[in-house]
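Undergrad: Here it is, the structure, as structure tokens.
A short reminder: the numbers here are calculations on the coordinates, not readings from a lab. All figures in this text were calculated on a predicted structure; none of them were measured in a lab. Backbone-built Cβ (ideal geometry, glycine too); neighbour counts: all protein chains shown.
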Amino acid sequence: MAGKEQSIRIENETNRTLLHGILSAARGAGAIMAGASPHDEDVMSKGGRANYVTVYDEKVQEYLLGALSKVLPEAHFVGEEEGQEVFLPEYEHGYTFVVDPIDGTSNFMRGYHPSVTSIGLLRDGKPYIGVIYNPYTDSLFYAEKGFGAYENGKQIFTSPDPLSHSLVSMGTAPYYAEEVTESAFLLGNWYLKRSIDIRRSGSAAWDLCLIASGRTGLFYEPILCLWDYAAGACIVEEAGGKITDMHGRSLTYRGKSSILAVTAGVAGEDYLPPQELMRV
Ligand code: IPD
Ligand code: CA
Ligand code: CA
């Protein structure tokens, strides 16, 4: 028994070191973002409509690749700017960092915040640690599986409010099929009638922090990539919320998915969007 207790204590200490290493990497990434002043010549198109990347997205990713490989050298690394969208079989085992260096690039380019850095760590293909840092408000969100969710060191919980007393946020990437974007707006109208109002932040990772901290009650987006939601999903669940795809199915954490996140207050209600308005 003494041996078991000791090994649990040691594992927890190791986890603390791991978490602190990731938090410090997130702060370092935030410092690069906050110190940047992107100009037109720093912006490149990634193809498709209004799909941009800046030299700072690349700089932040390079920094995180270096910092996180020191924190956990054996972990795989999936970063948005590497373009590795396919979930490889080796991510099923051991650790994988899933990183969005700057989530909210369109905001970042125009000094319209929020933009955040988002670092998810999967263990055996499932969320294990999530860290999201918004350098413009100095808000550091993090969660570790089984240990709760925190904002700047204070434990956070989703709201108990029903949908009718909640704000709803939505995501609408312009680079996917037009019918997908259109259906996001039709659903916005549907939720508008059932909530206080609709919001659109421009950063899906930040939207998930807003759910986790009780500021909003429901968030949806028809298509998100794993790096957009891996960290936020861990934070939402540890704050007592529920995250699924837009049909209410469990997430597989294998790549692109629709996302629907709700608070504890909304989770007990009939909140799923009507099938006839869905295009995913
Ligand atoms: C985007 C943001 C946006 C969401 C898009 C994402 P990026 O990420 O999270 O809110 O609507 O679907 O692609 O391109 O700024 O990293
Ligand atoms: Ca993103
Ligand atoms: Ca990004």
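Undergrad: For residue 156, which sequence-distant residues (separation of 5 or more, or a different chain) have an amide H within less than 5 Å of its own amide H, given hydrogens modelled in the peptide plane?
TA: 149, 150, 151
Undergrad: Alpha carbon centre of region 20-95 versus region 166-212: separation in Å?
TA: 25
Undergrad: Just to be sure I understand: with springs between alpha-carbon atoms less than 10 Å apart, which residue in 112, 253, 191 has the highest mean-square fluctuation in the Gaussian network model of the chain?
TA: Looking only at 112, 253, 191, the biggest GNM fluctuation is shown by 112.
Undergrad: Can you return the aspartates and glutamates within cross-link range of residue 59? Criterion is Cα-Cα under 19 Å, with same-chain partners fewer than 8 residues away left out.
TA: Excluding near neighbours in sequence, the set is 40, 41, 42, 80, 81, 82, 100, 103, 228.
Undergrad: Right, something else. Using the Cα centre of the chain as origin and beta-carbon charges of +1 (Lys, Arg) and -1 (Asp, Glu), tell me which of 75, 36, 271 is placed farthest towards the positive end of the dipole.
TA: Of 75, 36, 271, it is 271.
Undergrad: Provide the gained length on full extension for the span residue 55 to residue 269, in nm with one decimal, where the gain is 0.36 nm per separating residue minus the Cα-Cα distance.
TA: This chain segment gains 72.7 nm when fully extended.
Undergrad: If you take every DSSP beta bridge fully contained in the chain, what fraction is antiparallel? Give it as a percent rounded to 5.
TA: The answer is about 80 percent antiparallel.
Undergrad: Also, I was wondering about something else. Pairs of alpha-carbon atoms within less than 8 angstrom and 6+ residues apart define the contacts here; what relative contact order does region 2-156 have, in percent?
TA: 19
Undergrad: Report the label-to-label distance for residue 190 and residue 147 in nanometres (one decimal), using points 7 Å from each Cα along the Cα→Cβ vector.
TA: 3.9
Undergrad: Estimate the FRET efficiency between residue 178 and residue 13 by the formula 1/(1 + (r/R0)^6), using the beta-carbon distance for r and 41 Å for R0, to the nearest 0.05.
TA: Details: r = 52 Å, r/R0 = 1.26.
Using R0 = 41 Å, I get an efficiency of 0.20.
Undergrad: Quick one: of the DSSP bridges fully inside region 149-221, what percent are antiparallel, nearest 5?
TA: Counting DSSP beta bridges with both partners in region 149-221, the antiparallel share is about 35 percent.
Undergrad: With an 8 Å cut-off on Cα pairs and a minimum separation of 6 or more residues, tell me the relative contact order of the chain in percent.
TA: 17
Undergrad: Which of the residue pairs 126/242; 145/242; 126/154 have a Cα-Cα distance greater than 21 Å in the structure shown?
TA: Pairs exceeding the cut-off: 126/154.
Undergrad: Ignoring GluC sites (Glu not before Pro) that are buried or in helix or strand per DSSP, and keeping those with at most 16 other beta carbon atoms within 10 Å, what is the longest stretch of the chain between them?
TA: In the chain, the maximal stretch lacking such sites is 86-268.
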